[in-house]
């Protein structure tokens, strides 16, 4: 396990993926992350498989959706609706550096876990909130999933729709959640650094809406500067630079070219394409005339790529100077030589004995890949943590009997 945050404790009162993903990253980096779950229901994401949300997922192997945002944590079952449960939260908060939550404002107030409540137990704790739309404004009290707050409201679905369609682009599971979780983890790291330097414990806020706007920043800024009502979209044959775009291979796969400085790479590209006749063609001799003759240029490149298979082009372009990439299917990442060399996929075994690979946090330290452990079972570490806090077995049994803990 990466030890960069060894000795840091995070108390996480959160569910689903957005905020727990931040806890997972901190756990990857060595923090002791305590996941608080309701004694009976647990994290609602534990029930996704039984609801049939994930096609093909069933039985003991269907809990993978709980794995990636909760690996490496310790789970304790606490009922925050009880006085005994709240007292336990406060005792845990006294031992923690960070309090992490995505509960809505009214729930935080009702359960007495808002900033003032947790700070009463530990004035030096960094208090972290994940929101749908932000901490202020008329919609601050409303919930939000990444499909709504990030993808729809944040502009992703519309911006990424094809040029020839008015249907918003569809999103993949948790795509905004995991990016928002990364933003929260960065904010926590900065807040820990500030507290170390100045003694000030910050309140940290991140929203799915802001995360989407950050990712779409070039489009957001451009639309404001130019007063646009919509974002320009280009098909392959209408983009100004033919060396940026997707090209279909002879067997129906795709190659993506990403050569922004097209004059620098044109000759070498044409050589690797097997089309040296295009190098000095007056219609394509430099970036300006290629832009003027873009449709013809793209047609030449398109026809050439269609003459060979995906595998043949991967080999042919291997030594090309300009940037390009095969458009891979997700399962192909398991065999990607860079993924393997850098240890980006981390093998774990879950509580049911199922082997799976999780993606390590996208920051490594000292060139070391992450060594991950699986997500905990519901309330798996309740007894362990109670004993660490100094509770006796009699007290633990009494709290279990009352339903305050699992």
The condition of being under 20 Å from the mean Cα position of the chain (by Cα), buried (at least 23 other Cβ atoms within 10 Å of the Cβ) and at pLDDT 95 or above holds, among 151, 214, only for 151
Scanning the stretch 359-382 residue by residue, those buried (at least 17 other Cβ atoms within 10 Å of the Cβ) and under 26 Å from residue 92 (Cβ atoms) turn out to be 361, 370, 372, 374, 375, 376, 378, 379, 380, 381, 382
Among residues of the stretch 317-344 being under 16 Å from residue 274 (Cβ atoms) and surrounded by 15 or more Cβ atoms within 10 Å (Cβ to Cβ), the residue nearest to the chain's Cα centre (by Cα) is 324
The residue from 201, 183 that alone is touching a strand residue (DSSP E or B) at 6+ places or on another chain (Cβ under 6 Å), at pLDDT 95 or above and farther than 18 Å from residue 20 by Cα is 201
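May I ask you to verify whether residue 280 is part of a loop (DSSP other than H, G, I, E, B) and exposed (fewer than 14 other Cβ atoms within 10 Å of the Cβ)? Lay out the reasoning, then the answer.
Working: part of a loop (DSSP other than H, G, I, E, B): yes; exposed (fewer than 14 other Cβ atoms within 10 Å of the Cβ): yes.
In short, yes.
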Exercise for review: Scan the stretch 101-117 and give yes if some residue there is touching a residue at least 40 places away in the same chain (Cβ under 8 Å), in contact with a helix residue (DSSP H, G or I) (Cβ under 9 Å, 6 or more places away or on another chain), part of a strand (DSSP E or B) and closer than 20 Å to residue 385 by Cβ, otherwise no.
Suggested key: yes
#### Entry: Test for residue 325: is it touching a strand residue (DSSP E or B) at 6+ places or on another chain (Cβ under 9 Å) and either in the same structural domain as residue 359 (by TED's automatic domain parsing) or under 30 Å from residue 356 (Cα atoms) (or both)
yes
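The values are calculated or read from the model by the stated rules, or taken from the named source; none is laboratory data. Only a predicted model underlies this, so the values are computations on that prediction, with no experimental measurement involved. Cβ coordinates were reconstructed from backbone atoms using ideal geometry, including for glycine residues, and neighbour counts include every protein chain displayed.
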